[in-house]
Amino acid sequence: MHFDELIGHLGQHTVDGLSKGAIYALIALGYTLVYGVLRLINFAHSEVFMVGTFAVLILWNQLGVENNPPVGQAILFLVLGLVVAAAASGGTALALERVAYRPLRRKNAPPLIFLITAIGLSLVFVELFGQVLPKLLGGALPDVFGRPRQIVGMPTIIQQETLFTIGNTAITNIQLIVFIAAVAMMALLDWFINRTRYGRGVRAVAQNPETAALMGVNQERVIMLIFVLGGIMAGAAALLWSMRFGFTQNSIGFVLGLKAFTAAVLGGIGNLRGALLGGLFLGIVEVYGATLFASNWEDVIAFVVLIVVLMFRPTGLLGESLGRARA
Amino acid sequence: MTLLELENVAVTYGRIEALHGISLTVNEGEVVALIGANGAGKTTTMRAISGTRSLASGKITFNGEDISKLRADLRVVRGLCQSPEGRQIFPGMTVMENLDMGAYTRRDSAGIAADLDRVLTLFPRLAERRKQAGGTLSGGEQQMLAVGRALMSRPKLLLLDEPSMGLAPLVIRQIFDIITEINQQGTTILLVEQNAQQALSRAHRGYVLETGRS
Ligand SMILES: Nc1ncnc2c1ncn2[C@@H]1O[C@H](COP(=O)(O)OP(=O)(O)OP(=O)(O)O)[C@@H](O)[C@H]1O
Ligand SMILES: [Mg+2]
């Protein structure tokens, strides 16, 4: 136990945890949106994120991005990365819905079938990106895809450096960008769901699908919308991940997806603000735990916390639903 | 002029046939009552008209158009709106948001504002509670909200499924007075009621459903 280390640098560990948790939270939104409307856990969402990181990777490779570009270019690469990752992840999520889930819904398949399908799809994507994609791309990106199942590095767009220090807490430029960008994306989504006409349609279907139809809401369109929105958030997470950690791999979605799903459940699945809270909470707890014990314990800690929280609050920290949570 | 016509409409739930081919017509400007015992198929008829249940056979014509296969949300655009059995308020939305849901398919903001005024004048109780969550309203208030919400779509035909359910006699009178008033303002109404006397006293015509037959 390294109690002194944790207390002595509590601020630092909190900042580290927040920037880590912000990425979990962005991915968690995808689980929560789909669950809120369809009562479906889209386990393939982790691969929606994975596809986003590969989109960023391919983009930066195609653009011939080098390490530490000048500021103007760095911003351009990041913005382009956001657009491309959001498009790729949003498109993947939409394709999953159209190709896999919608036909099942048409046939009134029981929930278990959706779950198995989601897990199956997830495996398909992981294998596709590990085996088939490198072969399809042939020699185009040899140093990148030539080694399937291995970590693929990306150029450093922004060199991590301390921006300012408060007491003994250093905040880096990357941490600040990740946190602000993630919170901004979530605020945008929150506004969209709670304040716009389309968002009201989403909430109506989440709360009472049959009556939503009686009011003229096209349910299929709402379902497409939530998959795309969740995908866009995962795409944003993919960009931030790529910027911060500078690598990806075909199996990257597994652990991150599991953490994000945990964050969604922690906060109260189906609740947008719960996803934010759950993500940040999980990030902080992981960093605290890793400091207190050892860093290889952090995954264990994440799930122990989940179990403990659910024991006392079975519906998560903020409780249920796009439905009830008015705002 | 005939606004709505059902011809030999049959609806099934799995293997159970709930409607065995019913026919009815509603003319423009009328209040038509549909009455029948529990389980007779009144709600099922409403679902068939609104499109939340598809037909096993038969035909529904609305305003001269065959809508038998039209999606439910598009029927709202055509001018059909239902206040469903059991109110079905969106619990997590405020009174205002619930009313806005009624106008979901409309884009004419001036017309929407006028209809909002009209609804809040018809139901002053709702005006007092604009910001309250729908789920926390009393039963009577929820019923007013359900009717008001349906009116917000400015329907040609308003479908009301048991608007008096679970309400105190005084409130029932109020609701029926408002139904008459809405009708006099030019909306055609198809009214499902358990309470035959009350319903028939307000209606121009009535149909009796006997377990799936009219
Ligand atoms: N979703 C459903 N699944 C299976 N059967 C159903 C379903 N909904 C209704 N039914 C059956 O269809 C028949 C007609 O039901 P419906 O709700 O239309 O009756 P109702 O006339 O509205 O009755 P009430 O006056 O009690 O509201 C009943 O026998 C009912 O059990
Ligand atoms: Mg009924």
(request) At 1.4 Å probe size, with no ligands or nucleic acids counted, give the accessible surface of A:D299 in Å², nearest ten. (result) 60 Å²
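If you take every DSSP beta bridge fully contained in segment B:2-209, what fraction is antiparallel? Give it as a percent rounded to 5.
On the way: 17 of 36 bridges.
Bridges in segment B:2-209 are about 45 percent antiparallel.
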(message) I need the calculated FRET efficiency for the pair B:Q132 and A:R106, taking r as the beta carbon distance and R₀ as 45 Å, to the nearest 0.05.
(response) 0.75
(request) Provide a whole-number value for the mean count of partner chain Cβ atoms within 10 Å of the Cβ atoms in peptide B:99-108. (result) 4
(message) Taking the Cα centroid of segment B:26-62 and of segment B:80-107, what is the distance between the two, rounded to the nearest whole Å?
(response) 20 Å
(message) Please give the Cα centre distance for segment A:280-317 versus segment A:182-197, rounded to the nearest Å.
(response) 27 Å
(request) Sequence neighbours fewer than 8 away in the same chain don't count; with that in mind, list the lysines whose C-alpha is under 23 Å from A:K20. (result) A:K259
(message) If DNA, RNA and ligands are ignored and the probe is 1.4 Å, what is the ranking of A:R195, A:R203, B:R107 by accessible area, most exposed first?
(response) B:R107, A:R195, A:R203
(request) Grab the DSSP H runs of the protein assembly as shown that are 4 residues or longer, score each as -39,500 (n - 2.57), total them, divide by all residues and round the 222 nm result to the nearest 500 deg cm²/dmol. (result) -18000 deg cm²/dmol
(message) Of all beta bridges DSSP finds with both residues in the protein assembly as shown, what is the antiparallel percent, to the nearest 5?
(response) 55 percent
(request) Keeping all protein chains in position, work out how much accessible area B:H204 exposes to a 1.4 Å probe, and write it in Å² to the nearest 10. (result) 110 Å²
(request) Kindly provide the pair-distance distribution of the protein assembly as shown built from C-alpha pairs, with 20 Å bins from 0 and whole-percent values in order of increasing distance. (result) 20, 43, 27, 10, 0
(request) Report ³J(HN,Hα) in whole Hz for each residue of segment B:35-48, in order, from the Karplus equation J = 6.51 cos²θ - 1.76 cosθ + 1.60 where θ = phi - 60°; Gly and Pro get x. (result) 10, x, 5, 4, x, 6, x, 5, 4, 4, 4, 4, 4, 5
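When every alpha-carbon pair in segment B:2-209 is counted, what percent end up more than 23 Å apart?
42 percent
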(request) List the residues whose amide H sits under 5 Å from the amide H of A:L163, counting only those 5 or more places along or on another chain, with H placed 1.01 Å from N in the peptide plane. (result) A:I171, A:T172, A:N173
(request) With 24 Å as the limit, write out which pairs from B:K42/B:K156; B:K59/B:K156; B:K42/B:K69; B:K69/B:K156; B:K131/B:K156 have Cα-Cα distances beyond it, or answer none. (result) B:K131/B:K156
(request) Compute the acute angle (0 to 90°) between the alpha-carbon long axis of helix B:169-184 and the principal axis of greatest extent of the alpha-carbon atoms of chain B; round to the nearest 10°. (result) 80 degrees
(request) For B:K69, B:K131, give the ranking by accessible area with the largest first, probe 1.4 Å. (result) B:K69, B:K131
(request) Rank these residues by their accessible area, most exposed first, probe 1.4 Å: A:W60, A:W241, A:W297. (result) A:W297, A:W241, A:W60
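The values are calculated or read from the model by the stated rules, or taken from the named source; none is laboratory data. Because the structure is predicted, anything quoted here is derived from the model rather than measured. With ideal geometry, Cβ positions are generated from the backbone for all residues, glycine too; neighbour counts draw on all protein chains shown. Only protein heavy atoms, including side chains, enter the accessible area calculation; ligands, DNA and RNA are left aside. Shrake-Rupley method; radii C 1.70, N 1.55, O 1.52, S 1.80 Å.
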